[in-house]
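Structure first, commentary second.
The values are calculated or read from the model by the stated rules, or taken from the named source; none is laboratory data. Everything quoted here is computed from the prediction, not taken from an experiment. Don't worry about glycine lacking a Cβ; one is built from the backbone with ideal geometry, like all the others, and counts go over all protein chains shown. In case anyone asks, the SASA skips ligands and DNA or RNA and just uses the protein heavy atoms, side chains included. Shrake-Rupley method; radii C 1.70, N 1.55, O 1.52, S 1.80 Å.
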Amino acid sequence: RLIEIVSERVAGKSNVRLAVAHAKSFKDGQSLLDAATSLNPVETLIADMSPVIGTHVGPGTLALAYLFEE
């Protein structure tokens, strides 16, 4: 569902950049990022979620962030 939402929001935009943050789930984060390459990003990033956020959301949480030019 994350990819569907981001896809709708970046439709027709240029220079899309994607980042995935994960809480102790690198493999799942990498899978999400691999699936999101259908959005043709010019740059991608995967990173650990901060301990402060991870404490509240728990292990296995994934986030997909995006940036584009108008």
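No other residue among S7, S25 is open to solvent by less than 40 Å² (accessible area, probe 1.4 Å), at negative phi, among the hydroxyl-bearing types (S, T, Y) and in contact with a Ser or Thr (Cβ under 9 Å, 6 or more places away or on another chain) apart from S25. Whenever a residue of segment 13-35 is without any contact (Cβ under 8 Å) to a residue 60 or more places away in the chain, its partners that are in a loop (DSSP other than H, G, I, E, B) and open to solvent by 70 Å² or more (accessible area, probe 1.4 Å), lying with C-beta atoms within less than 6 angstrom and at least six residues away or across chains, give the pairs N15/V42; A23/P59; K24/P59.
All of (1) open to solvent by 60 Å² or more (accessible area, probe 1.4 Å); (2) modelled with pLDDT of 95 or more hold for G12 with one exception: (2). Scanning segment 36-66 for residues that are open to solvent by less than 50 Å² (accessible area, probe 1.4 Å) and either touching a Leu at 6+ places or on another chain (Cβ under 9 Å) or β-branched (V, I, T) (or both) yields A36, L39, P41, I46, M49, T61, A63, L64.
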